[in-house]
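Participant: This is the structure I want to talk about, given as structure tokens.
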Amino acid sequence: MSRDTSVAVSVEIGGERTTVALIDQQGRVRHRCHAKTLRGRPATATLEPYLRSIDTMLVFAREQGWPVQGIGMSLPGSLEQTTRRPLTVSLLPSLNNFPLQDLLESRYHLPAHLNSDVDAAMLGEQCFGAGRGFRRLLFLTVSAVVGAAFVVDGQFERSTQYVGHVCHLSVTASGPRCSCGKRGCINTLVSTDALQKMVQRAVRRGDETSLTRRLLNREYFSPQLLAEEAARGDSVSLQIYGEVGRWLGAAVNKYVDLFEPHVLILGGGGVLYAADLVLSQVRSTLGGQSSARVCSMVEVVPACLGRDAALVGAAVPLL
Ligand SMILES: [Zn+2]
């Protein structure tokens, strides 16, 4: 029997740029290219670079002799599944309510599937990453925004406010004030933006450590820089990760009590540059607060697919 060489095209729309790739049956990225994310344009102009990149991928697949099973897309927002349209994509509002899935299917004569970025990353981890073999999976992603997805026996739970982009999930009654007017929303406590604000406060306080010296020497803040300093034992960086880990632990605790998952996967490009530090803090917070029964049921693990989780996952419904 010949090996299955079929692939799916995957499009991951991101804030800075969009990645278009061919994903094979084992969840591997076989070929990839990038397209510009154009903001503030009408839908047709926004989609034009993505469609050109899809054309390129289809030509490449044909040259390789790989049958293409369909086109999957990951969008940074929410979707209306029944109308097959994006609902709210705050980055690219011209796509809101645009008949995107129909356009892809009629242009390419292939099945298409739209996913929110959080659900796509969950699908990637569930099929090819840290979620393999578990029945009840909870996925939390922490980067510029915080997202959550929950799957039982392969089915997404969507009928709750605790999944999707959950930036305003309340974690504490105190904490910094959020853009929504409340205090203690999760995005103000653990997002990339929250990390940066904690660092800025340390600089303003006049804390003198390796991290603050680098920033005063005009290096730019990034989660990688913070993680690098924490690995070298920088006291401000360690203190920030301790705080973030405790808040994330409190949020995780809420989720574990609510969903009783068998595995909790933490992903995203923010705090997880220092995954070991943050995960150990989350595990110890969880041990202290959750009921012993729930705590013994759940494994807390980092995502396996890294930055490719949503790219790989967007193709899963078509493979
Ligand atoms: Zn808020």
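Please treat every number below as a calculation from the coordinates, not as lab data. Given the structure is predicted, the values throughout are model-derived calculations rather than measurements. Note that each Cβ is placed from the backbone with ideal geometry, even for glycine, and that neighbours are counted across all protein chains shown.
Participant: Determine Rg/Rh for region 132-303; Rg is computed over alpha-carbon atoms and Rh is the Kirkwood hydrodynamic estimate from the same atoms. Mind showing how you got there, number by number?
Facilitator: Working: Rg = 16.3 Å, Rh = 16.5 Å.
Answer for region 132-303: 0.99.
Participant: Which one, Y220, L277, A112, projects farthest toward the positive side of the charge dipole computed for the chain from Cβ point charges (K/R +1, D/E -1)?
Facilitator: Checked the options; the winner is Y220.
Participant: Next question, about the same structure. Quick one: 3J(HN,Hα) in Hz for region 273-285, Karplus 6.51/-1.76/1.60 with θ = phi - 60°, rounded, Gly and Pro as x.
Facilitator: In residue order, the calculated couplings are 5, 10, 4, 4, 4, 5, 5, 5, 5, 4, 4, 6, 5 Hz.
Participant: Tell me, what HN-Hα J-couplings in whole Hz come from the Karplus equation 6.51 cos²θ - 1.76 cosθ + 1.60 at θ = phi - 60° for each residue of region 51-67, using x for Gly and Pro?
Facilitator: 5, 4, 5, 5, 3, 4, 5, 5, 5, 4, 4, 5, 4, 7, x, 9, x
Participant: Of L38, L79, L258, which has the largest mean-square fluctuation in a 10 Å C-alpha GNM of the chain?
Facilitator: Evaluated over the chain, the most mobile residue of the options is L258.
Participant: If I model region 208-284 as equal point scatterers sitting on the Cα atoms and use the Debye formula, what is log10 I(q)/I(0) at q = 0.12, 0.21 Å⁻¹?
Facilitator: -0.38, -0.90
Participant: Counting DSSP beta bridges in region 132-303, what percent are antiparallel, to the nearest 5?
Facilitator: 60
Participant: Looking only at the chain, where both bridge partners belong to it, what percent of the DSSP beta bridges are antiparallel (to the nearest 5)? Display every interim value, and only then the final one.
Facilitator: Details: 30 of 49 bridges.
Here the share of antiparallel DSSP bridges comes out near 60 percent.
Participant: Hey, another quick one. Exposure proxy check: E228, E16, E80, E125 ranked by fewest other beta carbons within 10 Å?
Facilitator: Values: E228 17, E16 7, E80 13, E125 30.
Lowest to highest Cβ neighbour count: E16, E80, E228, E125.
Participant: Can you give me the long-range amide H partners of Q69? Hydrogens built in the peptide plane at 1.01 Å from N, cutoff under 5 Å, separation of 5 or more residues or another chain.
Facilitator: V7, A8, V9
Participant: Find the relative contact order for region 132-303 and round it to a whole percent, using C-alpha pairs within less than 8 Å whose residues are 6+ positions apart. Write out the running numbers ahead of the final one.
Facilitator: Numbers: 282 pairs, mean separation 42.0, N = 172.
For region 132-303, the relative contact order is 24 percent.
Participant: What 222 nm value per residue comes from the helices of the chain, counting each DSSP H run with n ≥ 4 as -39,500 (n - 2.57) and dividing by all residues, nearest 500 deg cm²/dmol? Walk me through the intermediate numbers first.
Facilitator: Details: 11 runs with 128 residues, N = 319.
Helix contribution divided over all residues of the chain: -12500 deg cm²/dmol.
Participant: For region 75-122, build the convex hull from the C-alpha positions and give me its volume per residue in Å³.
Facilitator: Per residue, the Cα convex hull of region 75-122 comes to 75 Å³.
Participant: Expressed in nm², what is the orientationally averaged projection area of the convex hull enclosing the Cα positions of region 86-172?
Facilitator: So the mean shadow area of the Cα hull is 7.4 nm².
Participant: Could you work out the equivalent-ellipsoid semi-axes for the chain, taking the square root of 5 times each eigenvalue of the Cα gyration tensor, largest first, in whole Å?
Facilitator: The three semi-axes for the chain are 35, 23, 19 Å.
Participant: Treating the beta-carbon of each Lys and Arg as +1 and of each Asp and Glu as -1, no other charges, what is the dipole magnitude of the chain about its Cα centre, to the nearest 20 debye?
Facilitator: Details: 33 positive and 28 negative charges, 125 e Å.
Roughly 600 debye for the chain.
Participant: Could you list log10 I(q)/I(0) for region 1-95 at q = 0.10, 0.14 Å⁻¹, which the Debye formula gives when each Cα is one point scatterer?
Facilitator: Ignoring solvent entirely, the Cα scatterers give -0.29, -0.55.
Participant: Mind listing which chymotrypsin sites (Phe, Trp or Tyr not before Pro) in region 168-244 are in a DSSP loop and have 13 or fewer other Cβ atoms within 10 Å? Walk me through the intermediate numbers first.
Facilitator: Numbers: sites: Y220, F221, Y241; in loops: Y220, F221.
Taking region 168-244 and a limit of 13 other Cβ atoms within 10 Å, the loop chymotrypsin sites (Phe, Trp or Tyr not before Pro) found are Y220.
Participant: Among N217, N187, N97, which one shows the biggest mean-square fluctuation in a GNM of the chain, springs joining Cα atoms closer than 10 Å?
Facilitator: Result: N217 has the largest fluctuation of those listed.
Participant: Further question on the same structure: Report, ordered by chain and residue number, the aspartates and glutamates lying within cross-link reach of K36, taken as a straight Cα distance under 17 Å and ignoring same-chain residues fewer than 8 apart.
Facilitator: Cross-link targets: E12, E16, E48, D55.
Participant: Additional query: Which percent of Cα pairs goes in each bin when the distances of region 133-199 are cut into 10 angstrom slices starting at zero?
Facilitator: 21, 44, 25, 10, 0
Participant: How big, in percent, is the set of alpha carbon pairs in region 12-157 lying more than 27 Å apart?
Facilitator: 22
Participant: Out of P111, P86, P42, any idea which swings most in a Gaussian network model of the chain, alpha carbons joined below 10 Å?
Facilitator: P42
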